[in-house]
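Please read the structure below before turning to the comments.
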Amino acid sequence: MSTLSASLLASALCFAAMAALAFAMDRHHAQLTQQHEVPRRRRLVLRGGAMALLALALASCIAGWGGSVGSVAFIGFLSLGALPVALLLPYRPRLLPGLALVLTLGAAAFACTGAS
C-alpha cells in the first residue's frame, strides 16, 4: 500500500470512528435523532464499530509506513479525524454520518484500486 493510499484511508477511517464515538454519547445522539438517551444496544454497536474502524486505520498506517512510523502516524490521524468532528458537531450534526460514510467508502475505493 502506498503512503498516499494509507494516509487517505487512515484519515477517513479515523474521521468515521470519531463520528461514531461522538454519536454514542447522549448529547450528540440527541442532536442527530432527537432522542434524549442512546439505547444501550446502539451505544455498544457505535462503540464497537468505532473500535473496528480505528483498528483498520492502525493497520493501514502500519501497512503504509511500517510499525514504528505507522503507529506515530496513526496518532496524528486520530487528531486529524477528531478535528472536523469537533468543528461540525455544533453546527451541522446531521451532516456527519453521511460525510463519514462517503469519505470512508471513497478512501477505501482509492486504496483498493492500488492508486499510488
Tell me which of these residue 53 doesn't satisfy, since it passes every other one: (1) within 20 Å of residue 92 (Cα to Cα); (2) among the hydrophobic types (A, V, I, L, M, F, W, C); (3) in contact (Cβ under 8 Å) with a residue 40 or more places away in the chain. (1)
In segment 31-44, anything under 20 Å from residue 89 (Cα atoms), of a type in the set (A, V, I, L, M) and out of contact with any His (no Cβ under 9 Å at 6 or more places or on another chain) is listed as 32
Give segment 36-90 a look and list any residue that's surrounded by 13 or more Cβ atoms within 10 Å (Cβ to Cβ), of a type in the set (Gly, Ala, Ser) and within 11 Å of residue 11 (Cα to Cα), or say none. 57, 60, 73, 76, 81, 82
Would segment 83-98 turn up any residue that is of a type in the set (Lys, Arg), assigned to a helix (DSSP H, G or I) and in contact (Cβ under 8 Å) with a residue 40 or more places away in the chain? yes
Against the condition of a type in the set (Gly, Ala, Ser) and on the phi > 0 side of the Ramachandran plot, how does residue 70 come out, does it pass? no
If you go through 33, 113, the only one that is of a type in the set (S, T, N, Q), within 23 Å of residue 4 (Cβ to Cβ) and surrounded by fewer than 17 Cβ atoms within 10 Å (Cβ to Cβ) is 113
Can you tell me which residues in segment 99-110 are surrounded by 13 or more Cβ atoms within 10 Å (Cβ to Cβ) and either without any contact (Cβ under 8 Å) to a residue 24 or more places away in the chain or under 11 Å from the mean Cα position of the chain (by Cα) (or both)? 99, 100, 101, 103, 104
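Read the figures in this text as sums done on the coordinates, not as results from a lab. Quick caveat: nothing in here was measured; it's all calculated off a predicted structure. Ideal geometry is used to build each Cβ from the backbone, glycine not excepted, and the neighbour counts take in all protein chains shown.
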